[in-house]
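Enquirer: Please see the structure below; I have some questions.
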Amino acid sequence: MADGPSLRVLVGDASRMASQLIAGQLRSSRNPRFETILPVSFTSKAIADEIVKAQPDVAVVSSILQDSSFAGYSLLRTMQSLNLPTRPILLLEDCEHDLVIDAFRSGARGVFSRTESIEQLSKCIHAVHRGQIWASTREMEYILKELVATRPLRIVDANGYNLLSKREEEVVALVADGLTNRQISEQLKLSEHTVKNYLFKVFEKLGISTRVELVLYALSKNHRRDPAVEPVCIEQTTRRQSTALPVVARRIGI
């Protein structure tokens with residue numbers, strides 16, 4: 001039996017039967033253990049209401065709900081606007097480029113293809129609960145290409161000076177190495193509140209809004225302190241082998 005409390009997971013698929021099937025399979029897991037929650041109905045509003053009420057650790061929701069074929073995206077944006085602590089995973093029939101990009105833009109912390117197994121879904125939920133981003137190699141490539149193509153980062157000001165101070169650069173490097181705010185505060189001998197303030201200032205200077213973008217910026221500028229830091233392995237879409245991705249897949253979230 002797994003140590004510690006169960007993870008509380010809301011399951012919101014397109015129908016009650018489909019949701020019950022997923023929930024039942026998750027409850028059979030022993031490591032980690034899951035406590036599942038089902039909404040009263042399977043519209044985006046009903047699922048959002050249940051998430052606000054129950055505040056599960058993770059919400060696994062389908063892109064297709066009873067209101068429409070893309071209602072899951074509307075649900076994600078609602079969660080994002082309410083700044084809920086629940087971490088959402090979007091179930092996709094097909095992980096196409098635009099669907100994946102829109103999912104992460106809408107606030108998803110992971111995307112999961114229905115072609116994958118329930119064992120992989122269990123790993124996905126556990127990883128997202130720990131603060132990681134769940135995406136295959138192909139999906140991460142979508143994100144990287146989209147970020148480069150549509151959101152060029154400002155690195156210097158109008159006079160050509162670096163936007164970040166030396167201390168801010170240090171914080172960015174530690175974020176890229178996968179450290180949490182607490183670990184950064186311990187290493188730099190700062191309070192967690194001060195680390196958060198540095199991060200918010202960095203976000204403002206670089207014109208970004210998420211920790212994911214910050215990690216991508218750091219990787220693109222080679223701000224990693226130690227290139228030999230062991231990477232995180234994430235399953236490839238082919239499932240033939242796992243691929244070592246950079247620390248972009250590590251602890252994400254302030």
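The values are calculated or read from the model by the stated rules, or taken from the named source; none is laboratory data. Bear in mind that the values here come from a model prediction, so they are computed numbers and not experimental data. When we count neighbours, we look across all protein chains shown, and the Cβ atoms used for this are built from the backbone with ideal geometry, even at glycine. Note: accessible area is taken over every heavy atom of the protein model, side chains too, but ligands, DNA and RNA are not part of it. Shrake-Rupley method; radii C 1.70, N 1.55, O 1.52, S 1.80 Å.
Enquirer: Of all residues in segment 49-60, which are surrounded by 17 or more Cβ atoms within 10 Å (Cβ to Cβ) and either charged (D, E, K, R) or closer than 10 Å to THR86 by Cβ (or both)?
Expert: Filtering segment 49-60 for residues surrounded by 17 or more Cβ atoms within 10 Å (Cβ to Cβ) gives 50-51, 56-60.
Answer for segment 49-60, where residues must be surrounded by 17 or more Cβ atoms within 10 Å (Cβ to Cβ) and either charged (D, E, K, R) or closer than 10 Å to THR86 by Cβ (or both): GLU50, ILE51, PRO56, ASP57, VAL58, ALA59.
Enquirer: Moving to a separate point now. Is there a residue in segment 116-135 that is among the hydroxyl-bearing types (Ser, Thr, Tyr) and not in a loop (DSSP other than H, G, I, E, B)? Give the steps one after another, and end with the answer.
Expert: To start, the set of residues in segment 116-135 that are among the hydroxyl-bearing types (Ser, Thr, Tyr) comprises 117, 122.
Checking the rest, the ones that are also not in a loop (DSSP other than H, G, I, E, B) come to 122.
Taking every residue of segment 116-135 in turn, at least one turns out to be among the hydroxyl-bearing types (Ser, Thr, Tyr) and not in a loop (DSSP other than H, G, I, E, B).
Enquirer: Turning to a different aspect of this structure: Looking at segment 158-198 only, could you name the residues that are under 21 Å from GLY131 (Cα atoms), acidic (Asp, Glu) and open to solvent by less than 30 Å² (accessible area, probe 1.4 Å)?
Expert: Once the filter is applied, which keeps residues that are under 21 Å from GLY131 (Cα atoms), acidic (Asp, Glu) and open to solvent by less than 30 Å² (accessible area, probe 1.4 Å), segment 158-198 yields only ASP177.
Enquirer: Of all residues in segment 215-238, how many are over 30 Å from ILE118 (Cβ atoms) and either modelled with pLDDT of 80 or more or surrounded by fewer than 16 Cβ atoms within 10 Å (Cβ to Cβ) (or both)? Before the answer, list the steps.
Expert: Kept after step one, since they are over 30 Å from ILE118 (Cβ atoms), are these residues of segment 215-238: 216-229.
So of that shortlist, the ones also either modelled with pLDDT of 80 or more or surrounded by fewer than 16 Cβ atoms within 10 Å (Cβ to Cβ) (or both) come out as 219-222, 225-229.
Adding up the residues that qualify gives 9.
Enquirer: Going through segment 70-101 one residue at a time, which ones are touching a strand residue (DSSP E or B) at 6+ places or on another chain (Cβ under 9 Å), farther than 14 Å from ARG138 by Cβ and in a helix (DSSP H, G or I)?
Expert: Those that are touching a strand residue (DSSP E or B) at 6+ places or on another chain (Cβ under 9 Å), farther than 14 Å from ARG138 by Cβ and in a helix (DSSP H, G or I): ALA71, GLY72, TYR73, LEU75, LEU76, MET79, GLN80.
Enquirer: Still on this structure, please answer the following. Are any residues in segment 199-213 buried (at least 18 other Cβ atoms within 10 Å of the Cβ) and either free of Cβ contacts under 8 Å to residues at least 60 places away in the same chain or touching a strand residue (DSSP E or B) at 6+ places or on another chain (Cβ under 7 Å) (or both), and if so, which ones?
Expert: Listed by number, the residues that qualify are LEU199, VAL202, LEU206, ILE208, ARG211.
Enquirer: Can you find a residue that is within 23 Å of LYS123 (Cβ to Cβ) and in contact with a Cys (Cβ under 8 Å, 6 or more places away or on another chain) anywhere in segment 79-90?
Expert: Scanning segment 79-90, I find at least one residue that is within 23 Å of LYS123 (Cβ to Cβ) and in contact with a Cys (Cβ under 8 Å, 6 or more places away or on another chain), so the answer is yes.
Enquirer: Next question, about the same structure. Of all residues being in a loop (DSSP other than H, G, I, E, B), open to solvent by less than 10 Å² (accessible area, probe 1.4 Å) and in contact with a helix residue (DSSP H, G or I) (Cβ under 6 Å, 6 or more places away or on another chain) in segment 1-48, which is nearest to GLN120 (Cα to Cα)? Just the residue, please. Please lay out each step first, then the result.
Expert: Taking segment 1-48 and keeping what is in a loop (DSSP other than H, G, I, E, B), we get 1-6, 13-15, 28-33, 38-43.
Now restrict to residues that are open to solvent by less than 10 Å² (accessible area, probe 1.4 Å): 13, 39, 42.
Then keep just the ones that are in contact with a helix residue (DSSP H, G or I) (Cβ under 6 Å, 6 or more places away or on another chain); that gives 13, 39.
Values: ASP13: 17, PRO39: 23 Å.
If we take residues in segment 1-48 being in a loop (DSSP other than H, G, I, E, B), open to solvent by less than 10 Å² (accessible area, probe 1.4 Å) and in contact with a helix residue (DSSP H, G or I) (Cβ under 6 Å, 6 or more places away or on another chain), then ASP13 is nearest to GLN120 (Cα to Cα).
Enquirer: If GLY107 meets every condition in (1) on the phi < 0 side of the Ramachandran plot; (2) crowded, with 18+ Cβ neighbours inside 10 Å; (3) not β-branched (Val, Ile, Thr) apart from one, which number is that one?
Expert: Against the list (1) on the phi < 0 side of the Ramachandran plot; (2) crowded, with 18+ Cβ neighbours inside 10 Å; (3) not β-branched (Val, Ile, Thr), GLY107 comes up short only on (1).
Enquirer: Here is a further query. For residues that are modelled with pLDDT of 85 or more and not in a loop (DSSP other than H, G, I, E, B), scanning just segment 136-157, find the one that is surrounded by the most Cβ atoms within 10 Å (Cβ to Cβ).
Expert: Applying the first criterion (modelled with pLDDT of 85 or more) to segment 136-157 yields 136-142.
Filter once more, keeping what is not in a loop (DSSP other than H, G, I, E, B): 137-142.
Numbers: THR137: 15, ARG138: 14, GLU139: 25, MET140: 19, GLU141: 13, TYR142: 20.
So, considering only residues that are modelled with pLDDT of 85 or more and not in a loop (DSSP other than H, G, I, E, B), the one surrounded by the most Cβ atoms within 10 Å (Cβ to Cβ) is GLU139.
Enquirer: Another question, then. Any idea which residue in segment 175-197 is modelled with the lowest pLDDT, counting only those that are closer than 13 Å to LEU216 by Cα and aliphatic (A, V, I, L, M)?
Expert: Kept after step one, since they are closer than 13 Å to LEU216 by Cα, are these residues of segment 175-197: 175-178.
Checking which are aliphatic (A, V, I, L, M) leaves us with 175-176.
Numbers: VAL175: 85, ALA176: 79.
This residue is ALA176.
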